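In what follows, a structure is listed as structure tokens, so that the remarks can point back to it.
The values are calculated or read from the model by the stated rules, or taken from the named source; none is laboratory data. Quantities reported herein were computed from a predicted structural model and do not represent experimental measurements. Neighbour counts are summed over all protein chains in view; Cβ atoms, including those assigned to glycine, are modelled from backbone coordinates with ideal geometry. The protein model used for the area step is the full one, side chains on, heavy atoms only, and it has no ligands, DNA or RNA in it. Shrake-Rupley method; radii C 1.70, N 1.55, O 1.52, S 1.80 Å.
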Amino acid sequence: MVAAAVCPHPPLIVPELAGAAVAELDDLRAAADAAVAWLLASAPDGLVLLGSGPATGWIVPPAIGTFRPWGADLSVPLPAGPHDSRGPDDAPARPDEVPALPLSLTVGAWLLARHRVRLPVDAAQVDAEATPAELASLARQVHQHRPRLALLVLGDGSACHGTKAPGYDDPRAGAYDDGVARALAGADAEALLGLDPALSARLKVAGRAPWQVLAGAARAAGGDWRGDLIYHAAPYGVAYFVATWERA
């Protein structure tokens, strides 16, 4: 892994879903676009999308994500890459055979579609209930995936900022997300690995497990890392972060 970017995955980041409120996330959208552009400029030979999902492991392309459950007839594909096991003479997969991307990776694919991505793209999902051993195993796989790998990590912070937040108000949310912001800004892998799964679940944090895979991959890669926190806010009671990591 030579570089990584962290972005959130709220459906409302997609203008077609935001409607009249589209301008409310202009700053977040711009920050995410800047992070993806920076990631692609790191000259990787492949890119991995990583986000939360119902299982832990790789998603075999071709795969597709859809925003229909959130009100827009919009789909985004994940291009076939080196994990595609079909041979050249195999028939193309039928639509009902194509794996569906979880929301996190659907937003990640949508972010990539806004840029001219000419790299092999693969995706991995991680279950919030994954054990530390499973997270460490996926981190090693990500680290070893390509000689020069860029990693785009999708994950939201606490959803408990205020009484109108999805998880209602929890006074612990501020301190938790401030800690995540410091860890992302400082490329502090140990701080991310120390996030408590039980507290994260109570605060409805969707990014804890993907962030810990990022931390494990950075630790496996070795050396010192430098972080840059581009965005940190909770516009709808949910903490969103945009950050980049690179070798120091």
Where a residue in the range 148-168 is among the β-branched types (Val, Ile, Thr) and its partner, wherever it lies, is assigned to a loop (DSSP other than H, G, I, E, B) and open to solvent by 10 Å² or more (accessible area, probe 1.4 Å), with Cβ under 9 Å and at least six apart: 163/169
Here the residues within the range 206-221 that are open to solvent by less than 20 Å² (accessible area, probe 1.4 Å) and not in a helix (DSSP H, G or I) are 207
Among strands (runs of 3 or more DSSP E) entirely inside the range 1-73, those with 3 or more residues being surrounded by 21 or more Cβ atoms within 10 Å (Cβ to Cβ) are 3-7, 46-52
Just one of the numbered conditions (1) open to solvent by 70 Å² or more (accessible area, probe 1.4 Å); (2) part of a loop (DSSP other than H, G, I, E, B) is not true of residue 178; which one? (2)
Test residue 189 against the stated conditions and say whether it is over 25 Å from residue 26 (Cα atoms), touching a strand residue (DSSP E or B) at 6+ places or on another chain (Cβ under 8 Å) and not basic (Lys, Arg). yes
Within the range 142-172, residues basic (Lys, Arg) and closer than 30 Å to residue 225 by Cβ come out as 146, 148, 172
Go through the range 104-161 residue by residue and tally those that are closer than 26 Å to residue 67 by Cβ, open to solvent by less than 10 Å² (accessible area, probe 1.4 Å) and assigned to a strand (DSSP E or B). 10
